[in-house]
Structures are given as structure tokens and as C-alpha cells.
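Trainee: Got a structure for you, written out below as C-alpha cells; questions coming shortly.
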Amino acid sequence: MDKLDLVKGQVILLELEDECVIGEVLHIGGKKTFVRMKNVRDFQSNVPIAGNQDFYSSEIRNIKIIQDVEPGESESLEPRAESGLSSKATVESTTRINLEDIQETYDRIDNHVFIFQTDIKYHDAIKYLRTQRLIALGMEEVGAGRHSTAPSLLSIATPDRIYLFDVMWMNVPKDLRAILGDPKVRRVAHNARLVEDVLRHRFQAPLGKCFDTLVAHISTTNDYDDQREVSIQECLAKYLNLPSNFFDSNIRYNSRPLNETQRKAAAKNVAFLLVLQDYLLHEIMLEPFYRSCRHYGSSLAGDSEHLASVMKLSKGRNDDLNDIERFRLNIREKNDDNDDVND
């Protein structure tokens with residue numbers, strides 16, 4: 001899209017030259033030269049920006065609608081206007097994660113639990129993690145695998161909590177090793193070979209079965225010219241449509257003590273992994289399977305003929321089973337990365 005209907009009341013995300021902000025549309029300037037927003041927050045830090053803010057077309061690189069306004073809900077007396085804010089701005093209709101999910105994720109990031117010793121906080125975390133059957137995990141400063149100078153943090157996210165274990169100080173205790181290798185737990189990681197290599201050879205903590213979002217990305221595309229180590233940031237921008245400058249790649253984790261900015265950045269690196277896995281698995285990899293389920297599910301209810309339905313329900317007969325497609329992994333065609341798999 002090169003134009004976008006903006007209306008008062010929409011919550012939008014603006015990618016600027018060096019930052020990204022989220023807020024509610026208050027006014028579209030004359031000749032579409034700027035957009036005025038209220039309740040603005042810095043999208044990287046979730047810190048509020050006081051007062052109404054004007055953002056001009058010359059500084060906007062990308063616009064995404066986070067939450068639209070239902071017809072008739074807008075208080076604006078202005079008609080819906082095509083923004084056309086800038087010829088250089090890429091405009092996309094929506095992110096694939098809604099405002100409520102974004103806020104819940106920020107709450108988990110802000111309320112992360114930082115653990116650097118085996119105290120009561122550590123034991124409470126272990127007690128809780130033993131009740132979980134799906135976790136996301138990541139590690140910082142492990143780009144060289146087992147040869148990394150100082151692996152720093154082991155981050156574990158669940159649907160409602162994020163824990164940061166400072167393995168530089170406390171190693172990986174036995175209870176935590178048991179959770180990492182528990183066959184009853186399903187794990188999600190990005191580029192898990194680095195995490196596995198470090199855990200196995202530096203901390204004697206082999207990793208159990210793991211859904212790797214990098215492997216999911218590679219295995220569902222035919223773009224064999226781009227089989228590289230795509231970062232978690234790139235995957236989130238590609239699949240969840242989050243801003244490409246959402247993360248600060250300059251933050252390092254090998255200094256001590258860690259400040260709040262460093263800890264929140266580490267929490268952010270794992271905060272969206274479970275959502276990403278869900279999207280990759282259910283919207284892309286299993287899309288042909290769900291299509292077969294929809295087709296089979298409506299095969300009886302969709303037949304308006306009473307007699308035909310009686311025949312279909314005759315004992316021993318279910319010819320619709322013959323129409324179920326054999327499962328195959330959904331492989332995207334090359335260069336169709338922007339297509340919606342559900343179209």
C-alpha cells in the first residue's frame with residue numbers, strides 16, 4: 001500500500017529515523033504534512049512522552065495500524081483521510097499482534113525477575129517453572145557458541161513471566177538444568193544451536209527438544225539464496241510486522257552490574273518468542289492442515305440438501321474422508337514474503 005486511511009481514534013505505530021512511537025491519532029495536518037497524536041509512548045522503552053506530539057512526513061519511515069476504529073466510533077468531524085504523508089514512508093495496514101498483547105508483553109518485560117544467586121527468589125522461580133510445559137529461552141553473548149568469552153544471561157519466558165538468570169555469576173544450577181532438559185517441557189528458541197552448544201559444553205546442561213524459529217523460517221521458504229542466520233529481530237519484523245528498529249543491537253551484557261536498560265533489553269529478546277512460534281506453526285507451517293480441517297468440518301454442515309445429509313450419515317459411510325489432503329509442510333514460494341498466508 002502507498003496510502004493509508006487515517007482517522008481520529010486509531011492507535012498507530014510510527015517508525016521514525018532513529019526511533020519508533022505508538023499513540024492515538026488526534027489530527028491529520030493540512031495537505032497531510034503531519035499527524036498529531038496523543039497518549040504517545042516510545043515503543044522501544046514503553047516510556048510515555050508527555051503532551052500531544054506532531055510527527056512530520058519528512059521523519060516518518062513507516063506507519064502501521066495497531067488498533068483501528070469501528071465505523072461510527074470516531075469522534076472526529078473530519079472525513080477519513082488518505083494520509084499520503086510521505087512518498088518515502090512505507091505504509092502497512094496492521095501489525096499481527098494487537099494492542100492488548102503488546103501491552104501484556106511490555107508488562108512482562110517491565111516486571112522481569114532478575115536472578116543472580118540461588119536465594120529464595122531463585123527457588124520460587126524454579127518452583128514456578130516446574131509447573132510450565134511451554135517456555136521460550138535465549139542467551140546473551142553466545143555468538144561464538146562454546147568459544148564465547150563470557151556467556152552472560154539465560155532468559156526464560158512463559159506466557160506470563162520472564163526470568164533472567166545471570167549464569168556469568170551463578171552458573172546453571174542442577175534444578176535449572178533439569179528444567180532445560182525435561183522431556184515433558186516444550187521449548188522455543190531462535191538459532192538454538194548456539195544456545196545448545198553453550199549449555200552443553202560450558203554448563204553441562206543439554207537442552208531438550210526445542211522449536212527453533214530460525215529453522216521454521218528457513219524450512220518454510222524456497223528462497224535458497226537467503227539461507228542465512230536471520231536474527232530474531234528480523235523474524236519479528238517479517239512475521240509479526242514489528243518495527244525493524246524495535247531492538248537496540250548495540251547493548252552488551254558482559255559488564256557488571258547490569259543496569260535496568262540491559263536487563264529489559266534481554267527480556268525483550270525472548271518476550272515475543274512464544275507469539276512468533278504460534279504464528280509460524282499455526283499460520284504458516286500448518287496452514288494446509290487447517291485448510292483441510294475447514295473443508296472437512298463444513299462438508300456435512302455445508303450441504304443444504306436434507307436427503308444428501310441423510311446419505312452422508314448412513315452407517316459406515318463417510319466419503320468426505322476421501323477428500324482430506326495428505327499433510328505436507330507449507331513451503332512459501334520465493335519472493336512472496338509479504339503475502340498473507342490466509343488469503
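Trainee: What is the percent carbon and sulfur in the accessible area of the chain, measuring with a 1.4 Å probe over the protein chains and ignoring ligands?
Mentor: Carbon and sulfur: 49 percent of the exposed surface of the chain.
Trainee: If you add up the charges near Asn98, with Lys and Arg at +1 and Asp and Glu at -1, over every other residue whose beta carbon is less than 11 angstrom from its beta carbon, what do you get?
Mentor: Neighbourhood net charge equals -3.
Trainee: Which of the residue pairs Lys64/Lys238; Lys32/Lys238; Lys127/Lys264; Lys8/Lys64 have a Cα-Cα distance greater than 18 Å in the structure shown?
Mentor: Long pairs (Cα-Cα over 18 Å): Lys32/Lys238; Lys127/Lys264.
Trainee: Related question: Give me the one-decimal nm value for the distance between modelled label points at His282 and Leu16, 7 Å along each residue's Cα-to-Cβ direction.
Mentor: 3.5 nm
Trainee: If you don't mind, another one. Suppose R0 equals 45 Å; then what is the FRET efficiency for Arg291 and His27 from their Cβ-Cβ distance, rounded to the nearest 0.05?
Mentor: 0.55
Trainee: Name the trypsin sites (Lys or Arg not before Pro) in the stretch 259-309 that are in a loop by DSSP and that have at most 13 other C-beta atoms within 10 Å, would you?
Mentor: none
Trainee: Then there's this: So if we plug the beta-carbon distance of Ser299 and Lys174 into 1/(1 + (r/R0)^6) with R0 = 56 Å, what FRET efficiency do we get, rounded to 0.05?
Mentor: For R0 = 56 Å, the calculated efficiency reads 0.60.
Trainee: Under the rule of -39500 (n - 2.57) per DSSP H run of 4 or more residues, summed and divided by the residues of the chain, what mean residue ellipticity at 222 nm is obtained, to the nearest 500 deg cm²/dmol?
Mentor: -8500 deg cm²/dmol
Trainee: On a full-extension model of 0.36 nm per residue, what is the gain between Asn98 and Glu260, subtracting their alpha-carbon distance, rounded to one decimal in nm?
Mentor: 55.7 nm
Trainee: Excluding ligands, DNA and RNA, what is the solvent-accessible area per residue of the chain at a probe of 1.4 Å, expressed in Å²?
Mentor: On a per-residue basis, 53 Å².
Trainee: Given that just one value was derived from the coordinates, which of (1) 26, 48, 24, 2; (2) 22, 39, 29, 10, 0; (3) 29, 61, 10, 0 is P(r) over Cα pairs in 20 Å bins from 0, in percent?
Mentor: (1)
Trainee: Related question: Express the relative contact order of the chain as a whole percentage, based on alpha carbon pairs under 8 Å and six or more residues apart in sequence.
Mentor: Reported relative contact order: 14 percent.
Trainee: Rounded to the nearest 20 Debye, what is the dipole magnitude of the chain about its Cα centre when Lys and Arg each give +1 and Asp and Glu each give -1 at the C-beta?
Mentor: That gives the chain a dipole magnitude of about 1520 debye.
Trainee: Got a sec? Charge dipole of the chain, +1 on Cβ for Lys and Arg, -1 for Asp and Glu; which of Phe114, Gly145, Met170 is way out at the positive end?
Mentor: Of the options given, the answer is Met170.
Trainee: In the stretch 199-260, which chymotrypsin sites (Phe, Trp or Tyr not before Pro) are in a loop and have at most 13 other Cβ atoms within 10 Å, using DSSP for the loop call?
Mentor: none
Trainee: Next up: Can you find, among Ala267, Ile28, Ser304, the residue farthest towards the positive end of the dipole of the chain? Put +1 on the C-beta of Lys and Arg, -1 on that of Asp and Glu.
Mentor: Farthest towards the positive pole: Ala267.
Trainee: Identify, among Tyr290, Leu207, Ser231, the residue whose Cα sits farthest towards the positive end of the charge dipole of the chain, taking +1 on the Cβ of Lys and Arg and -1 on the Cβ of Asp and Glu, with the dipole about the Cα centre.
Mentor: Sorting the options by dipole projection puts first Leu207.
Trainee: Can you compute the modelled spin-label distance between Val215 and His306, with each label point 7 Å from Cα toward Cβ, in nm?
Mentor: In this crude label model, Val215 to His306 measures out at 5.4 nm.
Trainee: Then there's this: Along Cα→Cβ, 7 Å out, is where each label goes; now give me the distance between the ones at Leu313 and Ser231 in nm to one decimal.
Mentor: 5.8 nm
The values are calculated or read from the model by the stated rules, or taken from the named source; none is laboratory data. Everything numeric here is computed off the predicted structure, so don't read it as measured data. Please note: Cβ atoms are built from the backbone with ideal geometry, for glycine as well, and neighbour counts cover all protein chains shown. What goes into the accessible areas is simple: the full protein's heavy atoms, side chains included, and nothing from ligands, DNA or RNA. Shrake-Rupley method; radii C 1.70, N 1.55, O 1.52, S 1.80 Å.
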